[in-house]
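Student: Mind looking over this structure? Questions follow.
The values are calculated or read from the model by the stated rules, or taken from the named source; none is laboratory data. Please read all numbers here as calculations on a predicted model, not as lab measurements. Cβ placement follows ideal geometry from the backbone for every residue including glycine, while neighbour counts extend to all protein chains displayed.
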Amino acid sequence: MTHSRFVTPALVLDNVAAAYDRDPVLEGVSGSVERGGSLALIGPNGAGKSTLIKAILGLVPIVGGRIEVLGTTPSQARGDVAYVPQAEALDHEFPVDVLQVVLMGRYRRIGWVWRPNRAHKAAALEALDEVGLAHRAHDRFGVLSGGQRQRVLLARAVAQEAGLLLLDEPFNGVDATTTDSLLAVLEGLRAKGVAVVMSTHDLSVAHLACDAACLLNHHQVAFGPIAEALSADRLKATYGSSALLLEGGTTLIAR
Amino acid sequence: MRNLVESLQSPLFRRALLEAVLIGSIAGTVGVHVVLRKLPFFVVAMSHATFPGVAIASALGVSLFVGGTIAGLAVVVAVLVLGASKVLDDASIIGVVLAGSFALGVLVVSAQPGSSKDLTAFLVGSILTVTPADIALTVIVGGTVLLVLSALHKELVLGAFDRVGAAALGYRPWVLDAVVLVAVTVTMVTAIPAVGALLAVALLTVPALTARLWTDRLGPTQAIAALVGGLSGVLGLSASAVWSVAAGGAIALATGVCFVVSLAVTSLTVSRRMPRTAPRDRVGGAAA
Amino acid sequence: MWDLLVEPFSTDYMRRALVELVLLGVLGGVVGVYVLLRRLAFITEVVQHAVFPGIAVAFVVGQSLLAGALASGALAVALLAVGSRRRQIDADALMALLIATFFAFGVVVVSRGTGFQSDLTALLFGRILSVDQRELIDTAVVAVVCLLVLAALHKELVLRAFDPIGAEAAGYPIAALDLVLNLVVMLTIVAAVRALGTVLVVAFVVTPAATARLLVRRIGPMMVVAVAFAGLCGWLGLVVSYQGSVHHGWRLASGATVVMCLTVGFVLVAAGRAVVHVVRSRPVAAPSREPRPAAARP
């Protein structure tokens, strides 16, 4: 990566409004994420977290404001942005093996028509090793457990060597091993200057994985350092009566 | 059996056999993409939609391949546009268009003299009358299709496996869709003189499904699908010579026999070794 | 003008054809609404092909079409049940397989008989103009039975279509309800197959209901509109094919003309609705800064 790309923030959101058809789903989102920084998108179901992620990918049109990704527009930055979908969203019976899935992250580097060479396969295996699944490389993707599939998809993002990583609910319904492994890999990526944006329901994991948070409920409630953004009254404003304030100042979200 | 031996001495029959094997193995390979992308319903729709194109081309005296391809491509564009706007994604709408375009084809054909002979030729093919030109067309078109599909293999598989992921990587999913849809359409139109529009559906879906019963690996799936397609061509044509039944129907039925036999054999062997993963809801989703 | 529309029905065979189409219109229009609610259009296509070999066998040996249709329909259902238990096989793909191979089976059966081409044409596209008194009575009986069954189970079928889990939780036998509806669809197809043929019959079930749905939202009125639309198109289709064939030498196949009328009617209604929609919603259009990518929808 060139020096100038390190100077610009990984992600700039400037009063963003996004919409399907004509009704805005999301309005007034502003903030930025530095290289190596990490942001948690927090809010109830249907608050617009996934919409914001798709807007950053340039897959949902924005009807107001501006999004800048790695110093350029979302659609131009696409190859440099890695997206980790929820493992559950993919077809379990699809006949691909784990290594093939990880290699998909490198397809843009390999280019149209060319086949993956030994170097690409080595890089994919290395990424797989980081999530602790190198020994499953030749198993079919669908036979892995939900948590293992999630780790494979993260390995795919690692293999892509992107500047910005977008994760859609990565900790949803995964086991403790997977949570630890995901947290460790994300930490390693951030040390290399990769910025991380994830949507999540889990406030404790958000605290562990991210240093900033954006609270959303169709509009932006807060954006800032995670301890400040996730204050009790702001959570109350976002979640309404499902936010329970416990004695000692901890807030729980009833789901 | 004597019928078969006699038939084999006829150059017409040997030519038909060559065409059946070519079409079967090409359509079988293309069919793997149909199954991966869950496009079988599209193929059924396409088989009905190319029919008026072929009928009109025959009435005007121009190439059936051109007429069928134009009608088929019109449907591909309609599918891409409707798929993007999501206004009319109902299976009922496809049903309406299917029956309507079929009726249009019937009207065009029935307006000509000697119509019922032409009609059956379009619908169920007449492989015993294929010309060397038909075979040359099959080789050229089939070869091109297979070349394109194998060149873009990894991108097409990515697009089928994870559409959003492919878009996030900077591919345009509709370009990948269009490559597969056009390949399927062209293959189908090429198969029409041999097996007819309705029976080409069998060659484009059944061998690939049969192969999926035997393996979870993509490469072997394609090899087995091509094999089953070619084998069905040989079996069907032989059966038609032995029992004097319609060749196109016999070829398509042979793919079905391969499927049922594979289903039985693999149920006894393969599935016992491989436990099912997470059960999926199959109720009600079929027509959505 | 009036003469133009009524004159074709001065002969007995044209009158019988009209009565048959009106009966089928009533049956197909009502059944179609349930098919639409349950999103069974693809299944209808499958049933239509699944019964084809049975009908072909019955046709060749001169036995009852209904018995043949039931036998081959049962075979298809069994194959569907066995095949869909395998994890690699997608239910949609299996149905496409049934459509193609059962159709092929039927073609092979018909090709064993003499007069292959004309028999196949008759089976595929129907012979509406040669419907006789006995067939009219058959159709009427099937229509009455099907409509009575649907009327008796109306609220349960609607509940099952709207909320299958809720219906199951309330203790309804979902599988039995589905079987009843599938049997009704099959009977409708068998009743219509002689008049309209195997390939076109789906139009009489799906198109009227789809058209009605574009015009009205409530189930009752939807059935009324579907039935009226099917009847109207049956009449118009017969008139056009008669006038075309007798006075203009166009040789228009009757069944296909009727289906074309249904399709054109549907297209006109859909286009009219799209125009109304655009005119009404124009002032609301929001400005967008970035051109919308075509494949951006989730």
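Student: One residue is enough: does the range A:139-155 have a residue meeting the conditions in a helix (DSSP H, G or I), of a type in the set (A, V, I, L, M, F, W, C), within 13 Å of chain B (Cβ to nearest Cβ) and surrounded by fewer than 20 Cβ atoms within 10 Å (Cβ to Cβ)?
Tutor: Checked the range A:139-155: at least one residue is in a helix (DSSP H, G or I), of a type in the set (A, V, I, L, M, F, W, C), within 13 Å of chain B (Cβ to nearest Cβ) and surrounded by fewer than 20 Cβ atoms within 10 Å (Cβ to Cβ).
Student: So, in the range A:79-113, how many residues would count as being among the small types (Gly, Ala, Ser) and at the interface with another protein chain (Cβ under 7 Å from one of its Cβ atoms)?
Tutor: 1
Student: Next question, about the same structure. Which helices (runs of 4 or more DSSP H) does the range B:118-213 wholly contain that include 1 or more residues that are of a type in the set (D, E, K, R), more than 14 Å from chain A (Cβ to nearest Cβ) and surrounded by fewer than 24 Cβ atoms within 10 Å (Cβ to Cβ)?
Tutor: Filter on the range B:118-213 gives B:132-151.
Student: Quick one: in the range A:99-132, of everything that is under 21 Å from residue A:171 (Cβ atoms) and surrounded by fewer than 22 Cβ atoms within 10 Å (Cβ to Cβ), which residue is farthest from the chain's Cα centre (by Cα)?
Tutor: A:132
Student: Okay, moving on. Which of the helices (runs of 4 or more DSSP H) found entirely inside the range C:27-101 contain at least 3 residues meeting this: over 14 Å from the mean Cα position of the chain (by Cα)?
Tutor: By residue number, C:52-61, C:65-83.
Student: Among the residues of the range A:67-91 satisfying the criterion of being touching a residue at least 24 places away in the same chain (Cβ under 8 Å), touching a Leu at 6+ places or on another chain (Cβ under 8 Å) and more than 21 Å from residue A:150 (Cα to Cα), which is surrounded by the fewest Cβ atoms within 10 Å (Cβ to Cβ)?
Tutor: The qualifying residue surrounded by the fewest Cβ atoms within 10 Å (Cβ to Cβ) is A:68.
Student: Could you run through the range B:214-243 and say how many residues are more than 25 Å from residue B:45 (Cα to Cα) and more than 8 Å from chain C (Cβ to nearest Cβ)?
Tutor: Within the range B:214-243, residues that are more than 25 Å from residue B:45 (Cα to Cα) and more than 8 Å from chain C (Cβ to nearest Cβ) number 18.
Conditions (1) within 13 Å of chain B (Cβ to nearest Cβ); (2) small (Gly, Ala, Ser); (3) surrounded by fewer than 23 Cβ atoms within 10 Å (Cβ to Cβ); (4) within 21 Å of residue C:47 (Cα to Cα), marked per residue:
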| residue | (1), (2), (3), (4) |
| --- | --- |
| C:80 | yes, no, yes, yes |
| C:84 | yes, yes, yes, yes |
| C:87 | yes, no, yes, no |
| C:97 | yes, no, no, yes |
| C:100 | yes, yes, no, yes |
| C:108 | yes, no, no, yes |
| C:127 | yes, no, yes, yes |
| C:137 | no, no, yes, no |
| C:151 | no, yes, yes, no |
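Student: Right, next: Could you pull out the residue among A:55, A:40 that is within 25 Å of residue A:201 (Cβ to Cβ) and within 13 Å of chain B (Cβ to nearest Cβ)?
Tutor: A:55
Results for (1) at pLDDT 85 or above; (2) part of a helix (DSSP H, G or I); (3) within 13 Å of chain B (Cβ to nearest Cβ), shown as yes or no for each residue.
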| position | (1), (2), (3) |
| --- | --- |
| C:264 | yes, yes, yes |
| C:271 | no, yes, yes |
| C:275 | no, yes, no |
| C:278 | no, yes, yes |
| C:281 | no, yes, yes |
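Student: Please give the number of the condition residue B:58 fails out of (1) away from chain C (no Cβ under 12 Å); (2) modelled with pLDDT under 85; (3) buried (at least 24 other Cβ atoms within 10 Å of the Cβ).
Tutor: (3)
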